[in-house]
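Asks: Have a look at this one before I ask anything.
Just so it is clear, none of the values below were taken in a lab; they were calculated from the coordinates. All of these numbers come straight from a predicted model, not from anything done at the bench. Please note: Cβ atoms are built from the backbone with ideal geometry, for glycine as well, and neighbour counts cover all protein chains shown.
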Ligand code: IPE
Ligand code: IPE
Ligand code: MG
């Protein structure tokens, strides 16, 4: 059985999220500028998106740019934004071919106008696709997301649309950028760092975490398969005992 068929035979994570890390170190290892790493990271994104669609992942969320990443040198930020625009332009065909719907989470309004416009165009053009939902986390920070949700809920409380005693997990969920996505089942982080870096704090409450040494530009189907296979061998108890599950 080939790798993809093999994975399909087991239980798949409905929602897979990836912290794509290590572009800068990958470039430095080769004596190149960090930007070279980002350019090569795009190839890994394309391959991963296609592979996830083929495997049958329903929701794939990629951490592409954090609220904290704005603090990087302007030149690097500009390059990342330009890469975003050029990739969106290039990948529209690939998304359509694979029946993928594009979505974005984060403080999208803070993106440069060109990136914002291109993003919206591709989101609109792929809205009717019914396969995998690909979500890009851009200018995304979980704390900013929670703050934003609280502001929206507060306004509704003030206008008597919601009463404080009725605020529950569903209402909170509905006000997050991820309101149309299920909770994360599997979270992968590459590059050997063991941290979350302000990604999807609410949504990973019961996610399985998988940390890998590989730098993002080197991430291939074999790495994706390794993480999914590992996930398939875990027991998710959600607070219950093992006996209760069987
Ligand atoms: C991940 O790679 C890409 C972004 C955060 C945009 P990094 O740029 O963080 O690479 P390292 O972690 O410095 O190697
Ligand atoms: C997290 O990576 C953000 C993205 C992958 C987009 P960072 O490289 O920015 O995270 P820290 O700063 O090392 O925690
Ligand atoms: Mg990093």
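Asks: Averaging sequence separations of C-alpha pairs under 8 Å and six or more residues apart, then dividing by the length of the range 1-132, give the relative contact order as a whole percent.
Replies: Taking the mean separation of contacting Cα pairs over the length of the range 1-132, I get 25 percent.
Asks: Then there is this: Can you tell me the equivalent ellipsoid semi-axes for the range 156-246? Use √(5λ) from the Cα gyration tensor, largest first, whole Å.
Replies: Semi-axis lengths for the range 156-246 are 33, 20, 10 Å.
Asks: If I take every Cα pair under 8 Å that is 6 or more residues apart in the chain, average their sequence separation and divide by the length, what percent do I get for the relative contact order?
Replies: About 28 percent, as a whole number.
Asks: Given an 8 Å cut-off on Cα distances and at least 6 residues of separation, report the relative contact order of the range 179-226 as a percent.
Replies: 45 percent
Asks: How far apart, in nm, are two points set 7 Å out from the Cα along the Cα-to-Cβ line at residue 156 and at residue 109?
Replies: Output for this residue pair reads 1.8 nm.
Asks: Same structure again: With springs only between Cα atoms under 10 Å, which of 157, 49, 77 fluctuates most in a Gaussian network model of the chain?
Replies: Result for the chain, Cα springs under 10 Å: 157 fluctuates most.
Asks: Using R₀ = 22 Å, calculate the FRET efficiency as 1/(1 + (r/R₀)^6) where r is the Cβ-Cβ separation of residue 28 and residue 70; round to 0.05.
Replies: Working: r = 22 Å, r/R0 = 0.99.
That gives a FRET efficiency of 0.50.
Asks: Which distance in Å, rounded to a whole number, links the C-alpha centroids of the range 165-200 and the range 209-246?
Replies: Comparing the Cα centres of the range 165-200 and the range 209-246, I get a distance of 17 Å.
Asks: When the Debye formula is applied to the Cα atoms of the chain, each taken as the same point scatterer, what base-10 log of I(q)/I(0) results at q = 0.09, 0.10 Å⁻¹?
Replies: -0.41, -0.51
Asks: With each label point set 7 Å from Cα along the Cα-Cβ vector, what nm distance links residue 229 and residue 90?
Replies: Each label point is offset 7 Å from its Cα along the Cβ direction, giving 3.0 nm.
Asks: Here's a follow-up. Arrange 202, 26 by Cβ neighbour counts within 10 Å, fewest through most, would you?
Replies: Taking fewest neighbouring Cβ atoms as first place, the list is 202, 26.
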